[in-house]
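Report on the structure given below.
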There are 2 protein chains.
Amino acid sequence: MEPIKVGLLGLGTVGSGTVNVLLRNAEEISRRAGRNIQICSIATRNPKKQRQCDLTGINLTADPYKIVTDPQIDVVLELIGGIDTAYQLILQAIAHKKHVVTANKALIAHYGNEIFTAAQKAGVMVAFEAAVGGGIPIIKALREGLAGNRIEWLAGIINGTNNFILTEMRDKGCSFTQALEDAQKKGYAELDPSFDIGGIDAAHKLTILASLAFGIPLQFQKTYIEGIEKIAQEDINYAYRLGYRIKHIGIARRRSAGIELRVHPTLIPDRRLIANVDGVMNAVLVKGDAVGSTLYYGPGAGSEPTASAVIADLIDVVRTLTSDPENRVPHLAFQPNLLVNTPILSIIEAKTAYYLRMQALDRPGVLADITRVFGENNISIESILQQEPISGEQDVPIIILTQRVLEQNMDKAICQIEQLSSIKGKIKKIRLEAFR
Amino acid sequence: MEPIKVGLLGLGTVGSGTVNVLLRNAEEISRRAGRNIQICSIATRNPKKQRQCDLTGINLTADPYKIVTDPQIDVVLELIGGIDTAYQLILQAIAHKKHVVTANKALIAHYGNEIFTAAQKAGVMVAFEAAVGGGIPIIKALREGLAGNRIEWLAGIINGTNNFILTEMRDKGCSFTQALEDAQKKGYAELDPSFDIGGIDAAHKLTILASLAFGIPLQFQKTYIEGIEKIAQEDINYAYRLGYRIKHIGIARRRSAGIELRVHPTLIPDRRLIANVDGVMNAVLVKGDAVGSTLYYGPGAGSEPTASAVIADLIDVVRTLTSDPENRVPHLAFQPNLLVNTPILSIIEAKTAYYLRMQALDRPGVLADITRVFGENNISIESILQQEPISGEQDVPIIILTQRVLEQNMDKAICQIEQLSSIKGKIKKIRLEAFR
């Protein structure tokens, strides 16, 4: 089957991330999509600029209208951002019967109603998973995964810049201005950060989430917006002492009188999972009447996380254009004839860190004996906790955390330690994972 | 258009939850699915038993084969559990060209390969979102939302019983046996809990997740399984003191030599979000090469959470059978002609709790003045934090947390308090949400 032919508008952070991931994971992506994906052309303001991605065989142009009208292109990825030009380009692409994937939250929040109507008339798909929550598949969750629920409310940390700034203010005790400067240095905030810190960006995203949750038209202009500029260090401290974190949150809540749509700094009890979402990470908490509370967490921005969402949408489109409807998504994610028989390792081949607890006689040299065995088996120790003996007891518990090692090496070392005369009984072994 | 006709096998916890949610949310579900869903018949061992759901107009039978062969049924929901009978029923349903939705992880882990092959040949859909993570749409996330990624590893708290027991052992300092008894009393553990605490149930789910992540056949028999029976109170305590939690985790990790597939108790650093998933809640952490780490959290079992996933699958099937492929999922989740114009409330109509910070003169009666204003405006105070004055300063900061109240009432009270002679300057107001 012919590959699906894709044209990109924009080769900035998200555009180049999309090219890189599509090329790097080409084999795995076509095993999932059931068809190859070919990037045919890319529109970029400066086609001659050096890029950090491999553009071999891809046609570069400075004119995006060439792509949205090109008869050979099946799907257009709109990754230029901004509102007016992007809107015109997408309408043109739809008029030329192209499917569209966009990461543009401002555009969807402002002109989504018009774009969707045009797409429906033309019989093409418009997908926008990347518009909210970066790589977190939150739009799919709301639109499909929770479709059986009456959504009561949702609340999201949906702007990574603001979450980074508030996290820095708490962790480092710095002022808003210092934290903003730090965010700018690290590339997490724009030179003109007003869209983020003023809450506009979060309001765009909340507008979209609320429509998906409640089945209401997009209405950005009715969203209440407050930014984080006025949060002082002392507010963060007082909140902390009272058992709260301050987060910049978008909230959409159904009440009998109507729907609340608001973006503002919010104190949240520190035991809530969402209160512990730190740095540039995003999370959306959704309360459905059947499912209860569910939370979706991940990187809310960045080159490849956003590309992940763009490509998920692209694969959705490719699957729809490729398979019969009943087999659109393969049962096991990959095409059944393309499953691979990667060997499953036995547990002794597993590699992990360990917690070990043993009872040892309370006498000198015990730790030296134990650590010698570890050394001989090339096992690094992360930490040791040795308890004082309880009065009258002859032996003491010793707890050791190791670094990662093959399980068979660990088992060999355990066997040797259990044979030491100073060790009583069996060693308790529990695996340890840092999940970095 | 004719409604989609559904037959249920089983009317236990999940079956009755599914009936209840389908009836309660019927209007919202058909706004999403684009078509009505009609429960035609239910097979249950004892059709005469009193039920906690409205079965008006639904045909009850003791013979499930009547349903899977009934020519008027479009979709069969298999909710009886167990392996052999369920397998035969599903094969029969497929042979009779019915689409199938199942919540049966044991069945999919053991016979998924065979069932999917049969479904593909017959041109029907088999969906199983409810098999892993209850109401969390984790299967959709892996199969579609993260489809652009090469998955590196995933790790899940995928058995609520075990997570409840380990949480109780930590929070209450009780033994494994006591926590298990407590779980049984609360209905979180079966009378014979061996499937859960022995890790078999988690291994079924891990088998499914690993196939979706890596594109390998289902191979339950190769999963390493360890339960939680041997976790002692002291291990939980030592782990805690070292900055770790012990969780029962299923891990699937890609290494160059092959794939690790293992279920066992695991120490996790307490700063990780997944380490703070407590009680019966489930969570799955997925590491993709493009997106990085994403986490999906929610209730992993129970009547309506599981029903939520069953119905999401059912809506997937209905959408596929109802719309043309390009319009399968509406852009804003609901059919475009069925969006509603629920009013958006203005911010003064919002109802939330508040954090207030003010500067007050350090003199008697100030708090009495403030609390009187709150009382007059029917605002309940949650807590007050009054600082000692810094030496030489005349005024002190007062921090007040209120309970939920309409914003306009709060604003009125703030206005009145700002006019008190003992209060200096403006009051800082930040909203507070408990997200219960």
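Values quoted throughout were computed directly from the atomic coordinates according to the rules given, and no laboratory measurement underlies them. As the structure is a computational prediction, the values presented were derived from the model and not from experiment. Methodologically, a virtual Cβ is constructed for each residue, glycine included, from the backbone with ideal geometry; neighbour enumeration extends over all protein chains shown.
Taking the DSSP beta bridges with both ends in the protein assembly as shown, the antiparallel portion is around 70 percent.
Along the axis of the charge dipole computed for chain B (Cβ charges of +1 for Lys and Arg, -1 for Asp and Glu, origin at the Cα centre), the listed residues B:378, B:68, B:291 are led at the positive end by B:291. Placing a label point 7 Å from the Cα of residue B:219 along the Cα-to-Cβ direction, the residues of segment A:331-363 with a backbone N closer than 15 Å are A:339-350. Its relative contact order, with pairs defined as Cα atoms under 8 Å and 6+ residues apart, puts chain A at 16 percent.
Placing a label point 7 Å from the Cα of residue B:241 along the Cα-to-Cβ direction, the distances to the matching points in the other copies come to 3.1 nm, shortest first. Rounded if a/c is under 1.5, else prolate if a/b beats b/c, else oblate: with a ≥ b ≥ c from the C-alpha gyration tensor eigenvalues square-rooted, which is segment B:233-370? Cα axes put segment B:233-370 in the oblate bin.
Only one residue of B:151, B:23, B:40 has its Cα farthest out toward the positive end of the dipole of the protein assembly as shown, where Lys and Arg carry +1 and Asp and Glu -1 on Cβ, and that residue is B:40.
Our summary of shape: the Cα atoms of segment A:105-173 have principal axis extents of 54, 28, 19 Å, ordered from largest down, in whole angstrom. Once each part is reduced to its C-alpha centroid, what is the distance from segment A:50-79 to segment A:81-159 in angstrom? The two parts, judged by their Cα centres, are 21 Å apart. Residues whose amide H lies under 5 Å from that of residue B:301, counting only those 5 or more places away or on a different chain, are B:135; hydrogens are built 1.01 Å from N in the peptide plane.
Taken about its Cα centre, the protein assembly as shown carries a charge dipole of about 720 debye when Lys and Arg each add +1 at the Cβ and Asp and Glu each add -1 at the Cβ.
In segment A:81-175, taking the dipole from charged Cβ atoms about the Cα centre, the farthest positive-side position among A:113, A:83, A:93 is held by A:93. The charge dipole of segment B:354-436, taken about its Cα centre with unit charges on the Cβ atoms of Lys, Arg (+1), Asp and Glu (-1) only, comes to about 240 debye. Listed here are the pairs A:247/B:351; B:140/B:247; A:230/B:424; A:428/B:222; A:247/B:429; which of them are more than 22 Å apart at the Cα? Among A:247/B:351; B:140/B:247; A:230/B:424; A:428/B:222; A:247/B:429, the Cα-Cα distance tops 22 Å for B:140/B:247; A:428/B:222. With the label put 7 angstrom out from Cα along the Cα-to-Cβ vector, residue A:336 ends up 3.5 nm from the copy partners, going from closest to farthest.
Expressed as a whole percent, the proportion of Cα-Cα pairs in the protein assembly as shown lying more than 49 Å apart is 23%.
The convex hull of the Cα atoms of chain A, projected and averaged over all directions, covers 28.3 nm².
Entry note, the protein assembly as shown: the mean residue ellipticity at 222 nm calculated from DSSP H runs of n ≥ 4, each adding -39500 (n - 2.57), is -10500 deg cm²/dmol after division by the residues and rounding to the nearest 500. Checking every one of the trypsin sites (Lys or Arg not before Pro) in segment A:79-139 against DSSP loop status and a limit of 14 other Cβ atoms within 10 Å picks out A:97. Considering only B:96, B:331, B:204, the mean-square fluctuation computed in a Gaussian network model of chain B, springs between alpha carbons under 10 angstrom, is largest for B:331. Phi angles of segment A:149-158 translate, via the Karplus equation with coefficients 6.51, -1.76, 1.60 and θ = phi - 60°, into HN-Hα couplings of 9, 8, 6, 8, 7, 9, 8, x, 8, 10 Hz per residue; Gly and Pro are given as x. Of all DSSP beta bridges confined to chain B, the antiparallel ones make up roughly 70%. Counting other Cβ atoms within 10 Å, which trypsin sites (Lys or Arg not before Pro) in segment B:171-241 have at most 15 and lie in a DSSP loop? When the trypsin sites (Lys or Arg not before Pro) of segment B:171-241 are filtered for loop state and at most 15 Cβ neighbours within 10 Å, B:186, B:230 remain. Using the Cα gyration tensor of segment A:182-284, with a ≥ b ≥ c the square roots of its eigenvalues, what is the shape: rounded (a/c below 1.5), prolate (a/b larger than b/c) or oblate (neither)? The shape class here is oblate.
Ranked for footprinting exposure by Cβ neighbours inside 10 Å, fewest first, B:346, B:391 give B:391, B:346. For the pair segment A:170-215 and segment B:405-423, the centres of their Cα atoms are 29 angstrom apart. Sorting B:154, B:339, B:206 from the fewest to the most surrounding beta carbons within 10 angstrom yields B:339, B:154, B:206. Couplings 3J(HN,Hα) for segment B:108-120, derived from phi with the Karplus relation 6.51 cos²θ - 1.76 cosθ + 1.60 (θ = phi - 60°), are 5, 4, 8, 10, x, 3, 5, 5, 5, 4, 4, 5, 4 Hz, where x marks Gly and Pro. Label-point spacing for residue A:371 across the identical copies (point 7 Å from Cα in the Cβ direction), in nm and ascending order: 5.8. Counting neighbouring beta carbons within 10 Å and listing from fewest to most, the residues A:342, B:18 come out as A:342, B:18.
When a/c reaches 1.5 or more, the comparison of a/b and b/c decides; with that in mind, is segment B:347-432 rounded, prolate or oblate per its Cα gyration tensor? Since a/c reaches 1.5 and a/b is larger than b/c, the shape of segment B:347-432 is classed as prolate.
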